[in-house]
Amino acid sequence: MKTRIPVAVYAEDPVLRTGVVHQLRPRPEVEVLTAQDQARATVALVVVDEVDDAAARLLRRLRRSSATRTGVVVGRFDHDALQVTVDCGVSAVVRRAEADQDRLVNTVVAVDRGEAVLPGDLLGVLLDHVGRLQRSVLDPNALTMSTLTTREADMLRLISEGFDTAEIATKMSFSERTVKNVLHEVSTRLNLRNRAHAVGFVMRHGLI
């Protein structure tokens, strides 16, 4: 008898988790694990509305803490989300609107085999992203707009115009904590000392 693929399903929203588990559980190809058994998983499915900061933290934790291959079932997905999932080593992305039972099971089987799954309209975006990564490796000093996400660039632009954290949070409809986290991540990634240094750096390189 063929071994069933052990799958861990992660979702902050219990309704989202229940929906995916309900579709997977009857299928003989997969074994949906309880929270206590998730360490046995060879495939993890992260079910979210969007790839926000909390989802990114979970994806990074899964990448660090286990050899599990990860797929994302997501409601809204944009260019920034694609960059995050690539950086976090995600093997598959399925839009929730297309996540019927067969699609979910086929995705789990493909991920378990080490294959990648991505909606067709995102393949071109991914190839472009990979191309930019390759160019940055060949010439790491040749900084381009791709060094920053749209959100990061917008925040730095507002800082350069004199807005403080609270004002940026209001204008961009984020919490102040999110703004601080994003700016801290940019500073860490680019080895910048403070916000003024960050703005001067990106302006000198024509990134904003």
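Nothing in this text is a laboratory measurement; each read-out follows from the coordinates by a stated rule. Please read these numbers as outputs of a predicted model, since none were measured by experiment. Neighbour counts run over all protein chains shown; Cβ positions are idealised from the backbone, glycine included.
Rg then Dmax, both in Å and based on the Cα atoms of region 5-125: 12.9, 39.
A DSSP coil position with no more than 16 other Cβ atoms inside 10 Å describes the following GluC sites (Glu not before Pro) in region 5-90: Glu12, Glu29. Candidates Thr85, Val73, Leu58 compared by Cα position along the dipole of region 5-125: farthest toward the positive end lies Leu58, with charges placed on Cβ.
The listed peptides 22-28, 89-95, 69-75, ordered by packing as a protection proxy, come out as 69-75, 89-95, 22-28 (highest mean of other Cβ atoms within 10 Å first).
Counting every C-alpha pair in region 145-204, the share spaced more than 12 angstrom apart comes to 63%.
Each Lys and Arg Cβ is given +1 and each Asp and Glu Cβ -1; about its Cα centre, region 145-204 then shows a dipole of about 180 debye. Assuming charge only on the beta carbon of Lys and Arg (+1) and of Asp and Glu (-1), the dipole of region 5-125 about its Cα centre is about 420 debye to the nearest 20.
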